[in-house]
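Engineer: Would you mind keeping the following structure in view while I ask a few things?
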Amino acid sequence: MGAALNKVSFIVASLLVLALLGTGGSLLARPLDDVVDSGTISIFVYSDYAPYSWEDENGAQGIDVEIGKHIAEFLEVDVEFLIRGADENLDDDLRVNIWKGDLIHRRYADVMLHVPFDREVDIRNELAVLSSPYFQEKMAVVHNVSELPEVKTFGRFVTNPIAVELDTAGDFFLSNAFRGQLQQSVRRGRTFADAENLYLEGEVHALMASKAQAEWVAFQAAKAGIESRISQPPMPGIVRTGWPIGIAVKHDSRDLSYAVGDALTDLIETGKMGEIYERYGVSWSAPELE
Amino acid sequence: MKRKQTLLAFAGSLTLGAACFSTSAIADVSVDDLMNDQATTGDIVTNGLGPRGQRFSPLDTLNKDNIKNLYPVWSFSFGGEKQRGQESQPLIKDGVMYVTGSYSRMWAIDIASGEELWQYDARLPEGILPCCDVVNRGAAILGDKVYFGTLDAKIVALDAKTGKVVWRKTIGDYEAGYSYTAAPLIVPTEAHGPLILTGNSGGEFGVVGVVEARNPETGETVWSRPVIEGHMGTLNGEESTMTGTKNATWPGDMWENGGGATWLGGTYDPDTKLAYFGTGNPAPWNSHLRPGDNLHSASRIAIDPETGEIEWGFQTTPNDAWDYDGVNEFISFDMEKDGETVKAGATADRNGFFYVLDRTNGEFISATPFVQNITWAEGMDENGKPIWNPENRPGDPTESADGKKGEAIFAVPGFLGGKNWMPMAYSQNTKNFYVPSNEWGMDLWNEPVTYKKGAAYLGAGFTIKPVFDDYIGSLKAVDPVSGEVKWEYKNKAPLWGGVLTTAGGLVFTGTPEGYLKAFDDETGEELWKFQTGTGIVSSPITWEQDGEQYVAIVAGWGGAVPLWGGEVAKVVNYLNQGGSVWVFKIPEGLASK
């Protein structure tokens, strides 16, 4: 009797698993023809990554999400977003989101957006292909003009607190800078939104992030009546002050990356790219290639 | 005594009706049963064969002479499409085995027939990023419930008879990188009755180690104790005390995200009434950013379960720079030294040293190397503090900010440790510890440029390397009084499974090559082996049922080792995955031969 009941519940559980697999089935990286035939492209973007990408009660939001929608439109297919957090580094993200999938459900996407375009990364990740840079990332500081009118050097932050998202490029720079002299001033937010809130609530008057994120914070702060400025003081010892951002696909889907590249070129040439960034208070910068 | 209870219960069920399964004879497990687990050989109701985790069985039916007649009784497949690492230790109660498996699954199996009674599958969400394979290390049992943790950082209480969920509570937010793999620990208290204790596990950054105590009936939290100084604990829903002194050994706000995950769970000593937990490495990984000892990362701590207060802490690797997680099990034992009995505890650390401490107050007694060619420290001073080799500390990445790969240093042990998660055993007969260890080191260098969440970043590169050409795994008999290694069994692949020792003079452990092996506890001579068909990375058990001594092991290759490449991959990359339990006994009439 007990055993029979168990069997029923087990079958129900199996059906649920099958249902989950069914919806996930389309989330496997494929070449262009397969994507077009299926009528849907799956695109990976990071979660909790304003202004580029995040998810809230209104669904997927942000610059990269809008870019993803335009890519789908250009290819005349529907779009499905795979939204996940960042792993320890880009190599892990490429593995989990582009060529191997997650450990539990083995899902991955056709295209990953917001991938730093770097030859070394491309070479050491044989199963992913990096291409189509569409934006130039830079590092910057946003600061409250009435409290900190000018930030010409990071010397400002020996005594003034500065917010940063935990375990990011900015955190790494601030923790190391000037032999640890800024250590006591760094206020780390567990997420970018946490760091942003420290600034919006006036607990700190400066925040370090990418320039686009800094501009987004200034854009949000303006709504709260805080006038902000973006500065790029010298950053001695920082790994890179800027780098191009492109896309990645699985190694067997190069033709898909060409088609997506055409969609991105179209966005840039028609001026639509700049308009998308503008809606988030961010000025678009063309990728700078060596 | 316990046997009689079982028989009575069984007789009772017979009067109710012959259609009942033997499972209806399950007697509720009391907290006394848990505390006496080591002495009661008819069941295994704790992880570690007793709350101290000695993994010693007083059974001696099976001995050095008759072990050659040990044969499998049945094997049970976990099934499913997914296998990977099986690190679980089964529990045994009234003829039923409760065993957990990869991907947060659990089974109840009728031992007499090897047939499944029920299976529970946690429905895991997609966003889990477990760092080190999808393992589970075992369950806990109390009353009429069995408990285990799932990869999405939840603890689940199941009805032991049906496998149905009684309650399910969140330990951490899996989306923020938390997970759970250890066996929960159940301890008695006067103030709250029995409590179920869990640690936490998760990604490398932002997770702060914590020990939490819950009411086993309801799952409600009674107290919590963060292990990193500066954080507040709670008791009965209110703030209790701060752990240590804020900023005493951490700069700035780094303590807020200081690491120290308590991912391997704990042990309990009914004598001192203290729960012992190990704490993981500190964050961030670059030790130059966090000058100071960074307490209580890479430590053993003793917690009073009545209040959740830390009674003492002992740090094995201050200001860790090598990823020497201090999570290893702390095993209470009474040590005869210079004619006195010392209330001692022992732990074999990732950093390659075997420590003996006074378990009542955490005072240092001794530390001796249990792996060879250790480079990171020359030894320990009289207080148990490492005497560092400064040239073997990984460099500060900012020193090589030109974007070039920094110079590599070779450190022993490697980041997977002289001993990793796999528990050692203590024999009350030989007074030796049997330590599953690995002889390997690591090359460490500053990475040129990597990216994290779309931004350029300096990382550390590392690769693990064998110290010797012909073997990595090394099972050692260690005398805790002298620190002397009495014997050593060398294994080609790294050892990743726990150890069991018995009054019959046997030491059992499994190998990645798929063998369950038995050794002579005095000489290390290999007496018996059985090929399970896949690698073993779990802990063996033994118990008595119907007058016969049984042995069981979970098989299934995986865990952290196959996730790393390099030279170590050469000795493990041919191993096949699996997922099964094997049960052995001596066929009738052969026990005396």
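Values quoted throughout were computed directly from the atomic coordinates according to the rules given, and no laboratory measurement underlies them. All values derive from a computational prediction rather than experimental measurement. Neighbour counts are summed over all protein chains in view; Cβ atoms, including those assigned to glycine, are modelled from backbone coordinates with ideal geometry.
Engineer: Within 10 Å of each Cβ of A:102-112, how many other protein chain Cβ atoms are there on average? All intermediate terms of the calculation are to be shown ahead of the outcome.
Structural biologist: Details: counts 6, 12, 13, 5, 3, 1, 0, 0, 0, 0, 0.
The per-residue average across the peptide is 4.
Engineer: Pairing the Cα long axis of helix A:169-180 with the longest principal axis of chain A, what angle in degrees results, from 0 to 90 and rounded to the nearest 10?
Structural biologist: Taking the Cα atoms of chain A, the angle to A:169-180 is about 40 degrees.
Engineer: Would you work out which of A:Met112, A:Ser146, A:Pro133 lies farthest towards the positive end of the dipole of the stretch A:101-160? Charges go on Cβ: Lys and Arg +1, Asp and Glu -1.
Structural biologist: After comparing all options, I get A:Ser146.
Engineer: Tilt of helix A:63-75 relative to the longest C-alpha principal axis of chain A, in degrees (0 to 90, nearest 10)?
Structural biologist: 40
Engineer: Where in the stretch B:462-504 does the amide nitrogen come within less than 13 Å of the point 7 Å from the Cα of B:Glu336, taken along Cα to Cβ?
Structural biologist: Answer for the stretch B:462-504: B:481.
Engineer: Take the Cα radius of gyration of the stretch B:2-585 and divide it by 2.2 N^0.38 Å, with N its residue count; two decimals is plenty. Walk me through the intermediate numbers first.
Structural biologist: Details: Rg = 22.7 Å, N = 584, 2.2 N^0.38 = 24.8 Å.
Ratio of Rg to 2.2 N^0.38 Å for the stretch B:2-585: 0.92.
Engineer: Now, a different point. Hey, any idea what Rg/Rh is for chain A, computing Rh the Kirkwood way over Cα pairs? Walk me through the numbers before you get to the answer.
Structural biologist: On the way: Rg = 21.4 Å, Rh = 20.6 Å.
Using only Cα positions, Rg/Rh for chain A is 1.04.
Engineer: Tell me which of B:Leu62, A:Val45, B:Pro394 sits at the most positive position along the dipole axis of the protein assembly as shown, charges placed on C-beta atoms (Lys, Arg +1; Asp, Glu -1).
Structural biologist: The residue sitting most towards the positive pole is B:Leu62.
Engineer: While we're here: As a test of the formula, what do you get for the protein assembly as shown when each DSSP H run with n ≥ 4 contributes -39,500 (n - 2.57) and the sum is divided by the residue count, at 222 nm and rounded to the nearest 500 deg cm²/dmol?
Structural biologist: Working: 13 runs with 138 residues, N = 883.
Result for the protein assembly as shown: -4500 deg cm²/dmol, rounded to the nearest 500.
Engineer: Please compute the modelled spin-label separation between A:Asp34 and B:Asp304, points set 7 Å along Cα→Cβ, answer in nm with one decimal.
Structural biologist: In this crude spin-label approximation the distance works out to 6.2 nm.
Engineer: Hey, fewest Cβ within 10 Å first, where do B:Arg350, B:Arg84 land in order?
Structural biologist: With the fewest neighbours first, B:Arg350, B:Arg84 line up as B:Arg84, B:Arg350.
Engineer: At what distance in angstrom do the alpha carbon centres of the stretch B:331-353 and the stretch B:211-289 lie from each other?
Structural biologist: With the stretch B:331-353 and the stretch B:211-289 each reduced to a Cα centre, they are spaced 24 Å.
Engineer: Also, I was wondering about something else. With label points built 7 Å along Cα→Cβ from the Cα atoms of B:Glu217 and A:Lys69, find their separation and express it in nm.
Structural biologist: 5.4
Engineer: Then there's this: How high is the relative contact order of chain B, in percent, with contacts defined as C-alpha pairs under 8 Å that are six or more residues apart?
Structural biologist: On the way: 1723 pairs, mean separation 79.8, N = 593.
Worked out over chain B, it gives 13 percent.
Engineer: In percent, what relative contact order does the stretch A:164-232 have, based on Cα pairs under 8 Å that are 6 or more apart in sequence? Mind dumping the intermediate values first?
Structural biologist: Working: 69 pairs, mean separation 18.2, N = 69.
Computed value for the stretch A:164-232: 26 percent relative contact order.
Engineer: Right, next: Please list the three semi-axes, largest first and in whole Å, of the ellipsoid equivalent to the stretch A:46-114, using sqrt of 5 times the eigenvalues of its alpha carbon gyration tensor.
Structural biologist: On the way: eigenvalues 79, 45, 24 Å².
Semi-axes, largest first: 20, 15, 11 Å.
Engineer: With unit charges on the beta carbon (Lys/Arg positive, Asp/Glu negative), name the residue among B:Ala455, B:Gly559, B:Leu590 whose Cα is farthest towards the positive pole of the charge dipole of chain B.
Structural biologist: B:Leu590
Engineer: FRET efficiency for A:Gln184 and B:Ala408, Cβ-Cβ distance as r, R0 = 41 Å, nearest 0.05?
Structural biologist: Values: r = 33 Å, r/R0 = 0.80.
Efficiency, from the Cβ-Cβ distance: 0.80.
Engineer: Also, quick follow-up: Which angle from 0 to 90°, rounded to the nearest 10, does the C-alpha axis of helix B:2-16 make with the longest principal axis of chain B?
Structural biologist: 50
Engineer: Here's something else I'd like to know. How many nm separate the modelled label positions at A:Ser146 and B:Glu548, each set 7 Å beyond the Cα in the direction of the Cβ?
Structural biologist: My value for the distance between the label points is 8.4 nm.
Engineer: Where Rh denotes the Kirkwood radius from the mean inverse Cα pair distance, what is Rg over Rh for the protein assembly as shown?
Structural biologist: Values: Rg = 28.2 Å, Rh = 28.7 Å.
Taking Rh as the inverse mean 1/r over Cα pairs, Rg/Rh reads 0.98.
Engineer: So what J values fall out for the stretch A:274-279 if you push phi through Karplus, 6.51 cos²θ - 1.76 cosθ + 1.60 with θ = phi - 60°, rounded to Hz, Gly and Pro as x?
Structural biologist: Residue by residue, the stretch A:274-279 yields x, 5, 4, 4, 4, 4 Hz.
Engineer: Moving to a separate point now. What shape does the stretch A:123-267 have by the C-alpha gyration tensor, where a ≥ b ≥ c are the square roots of the eigenvalues, rounded means a/c under 1.5, and otherwise prolate means a/b greater than b/c and oblate the rest? Before the final figure, lay out the partial values.
Structural biologist: Numbers: a/c = 2.59, a/b = 1.83, b/c = 1.41.
Prolate.
Engineer: For the stretch B:211-265, taking Cα atoms only, what is the radius of gyration to one decimal and the Dmax to the nearest whole Å?
Structural biologist: Expressed in Å, the Cα Rg and Dmax of the stretch B:211-265 come to 12.7, 41.
Engineer: Assuming R0 = 22 Å, what is the FRET efficiency of B:Asp60 and B:Ser113, from their Cβ-Cβ distance, to the nearest 0.05? Walk me through the numbers on the way to the answer.
Structural biologist: Working: r = 27 Å, r/R0 = 1.24.
Computed FRET efficiency for B:Asp60 and B:Ser113 comes out at 0.20.
Engineer: Do any trypsin sites (Lys or Arg not before Pro) in the stretch A:59-126 lie in a loop, going by DSSP, with at most 16 other beta-carbon atoms within 10 Å of their beta carbon, and if so which? Let's see the in-between values first.
Structural biologist: Values: sites: A:Lys69, A:Arg84, A:Arg95, A:Lys100, A:Arg106, A:Arg107, A:Arg119, A:Arg124; in loops: A:Lys100, A:Arg106, A:Arg107.
Here the sparse-neighbourhood loop sites are A:Lys100, A:Arg106.
Engineer: Rank the residues B:Thr532, B:Thr218, B:Thr316 as a footprinting-exposure proxy: fewest other Cβ atoms within 10 Å of their Cβ go first.
Structural biologist: Numbers: B:Thr532 23, B:Thr218 11, B:Thr316 26.
Taking fewest neighbouring Cβ atoms as first place, the list is B:Thr218, B:Thr532, B:Thr316.
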